[in-house]
1. Across the stretch 36-51, which residue is most open to solvent (accessible area, probe 1.4 Å) among those that are part of a strand (DSSP E or B) and among the β-branched types (Val, Ile, Thr)?
2. In the stretch 69-98, how many are of a type in the set (S, T, N, Q) and under 12 Å from the mean Cα position of the chain (by Cα)?
3. Out of all the residues in the stretch 77-91, is one or more surrounded by 12 or more Cβ atoms within 10 Å (Cβ to Cβ) and outside any strand (DSSP E or B)?
4. Does the stretch 14-35 hold any residues that are part of a loop (DSSP other than H, G, I, E, B), exposed (fewer than 12 other Cβ atoms within 10 Å of the Cβ) and in contact with a Ser or Thr (Cβ under 8 Å, 6 or more places away or on another chain), and which are they?
5. What's the total number of residues in the stretch 52-63 that are within 14 Å of residue 11 (Cα to Cα) and in a strand (DSSP E or B)?
6. What pairs can you find where one residue is in the stretch 1-30 and free of Cβ contacts under 8 Å to residues at least 60 places away in the same chain, the other is in a loop (DSSP other than H, G, I, E, B) and loosely packed, with under 14 Cβ neighbours inside 10 Å, and their Cβ atoms are less than 6 Å apart, with a gap of 6+ or different chains?
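The values are calculated or read from the model by the stated rules, or taken from the named source; none is laboratory data. A quick note: this is a predicted structure, and the numbers were derived from the prediction, not measured. When we count neighbours, we look across all protein chains shown, and the Cβ atoms used for this are built from the backbone with ideal geometry, even at glycine. Heads up: the accessible areas ignore ligands, DNA and RNA and are worked out on the full protein's heavy atoms, side chains in. Shrake-Rupley method; radii C 1.70, N 1.55, O 1.52, S 1.80 Å.
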Amino acid sequence: MATLNIALEEGFDNDRVVVTINGKQFERDGVTTKLQIGVAEQFETEVSDGTATIDVNLPARSLNGSYTVPATETVFIGISIEGGTVRFRHSSRTFGYV
């Protein structure tokens with residue numbers, strides 16, 4: 001099993017966010033970026049080794065995005081809203097939030 005650490009980062013403003021990972025849905029309401037640290041919320045989930053597909057939906061803003069990552073051991077995923085687009089990044093190391 002691999003662990004995905006999901007960080008909702010920049011650009012969130014009291015949003016309802018639906019994150020679906022390999023068919024498993026996570027819903028968050030009132031997601032707002034803390035400007036001092038550049039992150040709104042974080043959570044972890046486990047997936048089978050292989051690949052993971054992450055779908056993000058912000059229904060009130062009609063924004064959607066999808067991203068596929070290799071899922072081995074622990075993977076850190078950063079999700080931001082920039083210029084009306086859902087942006088993703090991933091790393092095998094934790095992101096530095098102050």
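1. Of the residues in the stretch 36-51, the ones part of a strand (DSSP E or B) are 39, 41-47, 50-51.
Then keep just the ones that are among the β-branched types (Val, Ile, Thr); that gives 39, 45, 47, 51.
Details: 39: 11, 45: 11, 47: 10, 51: 90 Å².
Once the filter is applied, the top-ranked residue is 51.
2. Within the stretch 69-98, residues that are of a type in the set (S, T, N, Q) and under 12 Å from the mean Cα position of the chain (by Cα) number 1.
3. Taking every residue of the stretch 77-91 in turn, none turns out to be surrounded by 12 or more Cβ atoms within 10 Å (Cβ to Cβ) and outside any strand (DSSP E or B).
4. Within the stretch 14-35, 14 is the sole residue that qualifies.
5. Matching residues across the stretch 52-63 total 4.
6. 13/32; 14/32; 30/14
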